[in-house]
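Engineer: Okay, here's the structure, questions in a sec.
Every read-out reported here was derived from the displayed coordinates using simple, explicitly stated rules and does not represent laboratory data. Keep in mind that this is a model prediction, so the values were computed, not measured. Don't worry about glycine lacking a Cβ; one is built from the backbone with ideal geometry, like all the others, and counts go over all protein chains shown.
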Amino acid sequence: MGGRKMGNLNEIAAHLLQNDDVQLIIGYGEGSAGRVRPLFVSNKKATEKLLFDSRCTQNLASYLYKKEITCLGKPAIVANIRTLRGIIRLAAEHQLEDETIIALAVSTGDDVKELRRLEDMEQYLSEADLQLKKEDKALLDKLNAMTIADRWAFWQQEMAHCIKCYACRQACPLCYCTQCTVEINQPQWIPVASSKLGNMEWHIMRSMHLAGRCIECGQCGEACPANIPIHLLPIRLAEEIRELYGSVTGISKRESCEMSSFQPDDKEKFIT
Amino acid sequence: MTNEFEPKIVAFVCNWCTYAGADLTGTSRIKYSPNVKIIRFPCTGRIDFMLLLKAFSNGADGVIVSGCHPNDCHYTSGNFHARRRWITFRVLLDFMGIDINRIVFAWVSAAEGAKWAEVVNSTVNKIKELGPYENYREIINEVWEEEKWEI
């Protein structure tokens, strides 16, 4: 297939750097305590450290637009499904241009596909499994079945642990605003300190700003140091938007944002 | 003076339809509940969901959002965009356990003075039945207890 090469991750990465096809490889490396961490490789020798296994779930697409990364040159990125969806969505929102990055699509370490164009990535994703994780689906169904008072109690209890570290925002590939509403203090939209009100308002705001854009990778929830299932909030909206308008995000560079478009006959039952 | 609960209601309305409609209610001498505080916006498309949260965090018991009927928007499509936003916003609030009955959405044109009075009155009655928004008041007036800081 056009633009696709298969082979070993480390070999392909070394080859790309040697040919000066890219100046940087964004991938995963061994971290501490048996965990993996993001690894940024610009030297051919260090490509040995790159790895990919079942622990590598982080969505690396959030590094693609960070200034300290973009200044290092053209990147190749080790991409699992969620990273690929992040790349496509960023391209759909005109944050990335075609052929400015190379995705090394991985399923296991020895089966790497080199995808140079967005089209190739779209093709790769069209054959991929985009289902939610089973435990997320189960918790979502459980919450949907609860009464409103129980849901309030559930979220109040969960959000009491929020320390407002904004790790959810930093981890999200789609939270790329250079100035976030929570950093504005005139007006002070959301209280700065961790408080019941401010925590809730922050998560409402974050989810609303991801409505119609969220690629359902669940990275925000994984980044949360308090283990709050906050990823379910934008995922719930994504679920609803898929039902209402039939749109799936992060699969086509031409997809629109459902919140910045409309149909004159959008259905609702609550406006009198 | 009675001790009956008088809800505080904030109405976010668009300049071109509902604000003019509310004006018509007054010039037509139609009486309506004084619990509502009207805030005028250029368009329903400008009414950010954060403003609704601000209303609640400042102690509102209910919120009305109203603007031009579909196809009547002064800016052609502001209300269409707003409608999608509210559809989504309600889903999120409901999922978080926030009572969406406290937010009333309406289309009120500049000619519908009587409808505006009806929207306000029915909202006030509805919120009176629901009572003060205790859940929200509880988190606004959060008390900092020392035990909270035990590690």
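Engineer: Looking at A:ASN59 and the list (1) of a type outside the set (A, V, I, L, M, F, W, C); (2) over 20 Å from A:LEU118 (Cα atoms); (3) in contact (Cβ under 8 Å) with a residue 40 or more places away in the chain, which single condition is not satisfied?
Structural biologist: Condition not satisfied by A:ASN59: (2).
Engineer: Another question, if that's okay. When you scan the range A:32-71, how many residues do you find that are over 22 Å from A:CYS217 (Cα atoms) and either of a type in the set (D, E, K, R) or surrounded by fewer than 16 Cβ atoms within 10 Å (Cβ to Cβ) (or both)?
Structural biologist: The total comes to 13.
Engineer: Tell me which residues, restricted to the range A:126-157, are in contact (Cβ under 8 Å) with a residue 24 or more places away in the chain and either outside any helix (DSSP H, G or I) or touching a Gly at 6+ places or on another chain (Cβ under 8 Å) (or both).
Structural biologist: A:ALA128, A:ASP129, A:LEU130, A:LEU132, A:LYS133, A:ASP136, A:TRP155, A:GLN156
Engineer: Another one. I need a count of the residues in the range A:210-234 that are crowded, with 20+ Cβ neighbours inside 10 Å and touching a Ser or Thr at 6+ places or on another chain (Cβ under 9 Å).
Structural biologist: Matching residues across the range A:210-234 total 12.
Engineer: With respect to B:ASN135, is the statement that it is within 9 Å of another protein chain (Cβ to nearest Cβ), of a type in the set (S, T, N, Q) and either at negative phi or crowded, with 16+ Cβ neighbours inside 10 Å (or both) true?
Structural biologist: Taking the combined requirement at face value, the residue satisfies it.
Engineer: Further question: Which numbered condition trips up B:LYS128, out of (1) closer than 30 Å to A:ASP141 by Cα; (2) more than 8 Å from every other protein chain (Cβ to nearest Cβ)?
Structural biologist: Only one criterion in (1) closer than 30 Å to A:ASP141 by Cα; (2) more than 8 Å from every other protein chain (Cβ to nearest Cβ) is unmet by B:LYS128, namely (1).
Engineer: Mind listing just one residue for me: the one in the range A:243-270 that is among the charged types (D, E, K, R) and more than 8 Å from every other protein chain (Cβ to nearest Cβ) and, of those, surrounded by the most Cβ atoms within 10 Å (Cβ to Cβ)? Before you say what the answer is, go through the steps one by one.
Structural biologist: As a first pass, look at the range A:243-270 and keep what is among the charged types (D, E, K, R): A:243, A:253-255, A:258, A:265-269.
Of the ones still in play, those that are also more than 8 Å from every other protein chain (Cβ to nearest Cβ) are A:243, A:253-255, A:265, A:267, A:269.
On the way: A:GLU243: 9, A:LYS253: 20, A:ARG254: 9, A:GLU255: 18, A:ASP265: 7, A:LYS267: 8, A:LYS269: 5.
Filtering the range A:243-270 for residues that are among the charged types (D, E, K, R) and more than 8 Å from every other protein chain (Cβ to nearest Cβ), the one surrounded by the most Cβ atoms within 10 Å (Cβ to Cβ) comes out as A:LYS253.
Engineer: Now, a different point. So how many residues does the range A:202-216 have that are more than 8 Å from chain B (Cβ to nearest Cβ) and part of a loop (DSSP other than H, G, I, E, B)?
Structural biologist: Going residue by residue through the range A:202-216, those that are more than 8 Å from chain B (Cβ to nearest Cβ) are A:202, A:206, A:209-210, A:213-216.
If we keep only those that are part of a loop (DSSP other than H, G, I, E, B) too, we end up with A:210, A:213-216.
Counting residues in the range A:202-216 that are more than 8 Å from chain B (Cβ to nearest Cβ) and part of a loop (DSSP other than H, G, I, E, B) gives 5.
Engineer: A:ARG242 fails exactly one of the following numbered conditions: (1) over 26 Å from B:SER77 (Cα atoms); (2) without any contact (Cβ under 8 Å) to a residue 12 or more places away in the chain; (3) in a helix (DSSP H, G or I). What is the number of that condition?
Structural biologist: (1)
Engineer: Where residues in the range B:61-96 are without any contact (Cβ under 8 Å) to a residue 12 or more places away in the chain and in a loop (DSSP other than H, G, I, E, B), which of them is farthest from the other protein chains (Cβ to nearest Cβ)?
Structural biologist: Selected residue: B:THR76.
Engineer: Still on this structure, I have one more. State which residue is farthest from the chain's Cα centre (by Cα) when the search covers only the range A:158-189 and only residues that are within 12 Å of chain B (Cβ to nearest Cβ) and in a loop (DSSP other than H, G, I, E, B).
Structural biologist: Keep residues of the range A:158-189 that are within 12 Å of chain B (Cβ to nearest Cβ), which gives A:158-161, A:181-182, A:184, A:187-189.
Subsequent filtering for residues that are in a loop (DSSP other than H, G, I, E, B) retains A:160-161, A:184, A:187, A:189.
On the way: A:ALA160: 25, A:HIS161: 23, A:ILE184: 24, A:PRO187: 29, A:TRP189: 25 Å.
Once the filter is applied, the top-ranked residue is A:PRO187.
Engineer: Of the residues A:ALA153, A:ALA223, which is over 17 Å from A:ARG89 (Cβ atoms) and within 14 Å of chain B (Cβ to nearest Cβ)?
Structural biologist: A:ALA153
Engineer: Next up: Given the criterion farther than 30 Å from A:CYS180 by Cα and touching a helix residue (DSSP H, G or I) at 6+ places or on another chain (Cβ under 9 Å), identify the matching residue among B:ILE38, B:ILE30. Walk me through it before giving the result.
Structural biologist: Working: B:ILE38 fails: farther than 30 Å from A:CYS180 by Cα.
So the residue among B:ILE38, B:ILE30 that is farther than 30 Å from A:CYS180 by Cα and touching a helix residue (DSSP H, G or I) at 6+ places or on another chain (Cβ under 9 Å) is B:ILE30.
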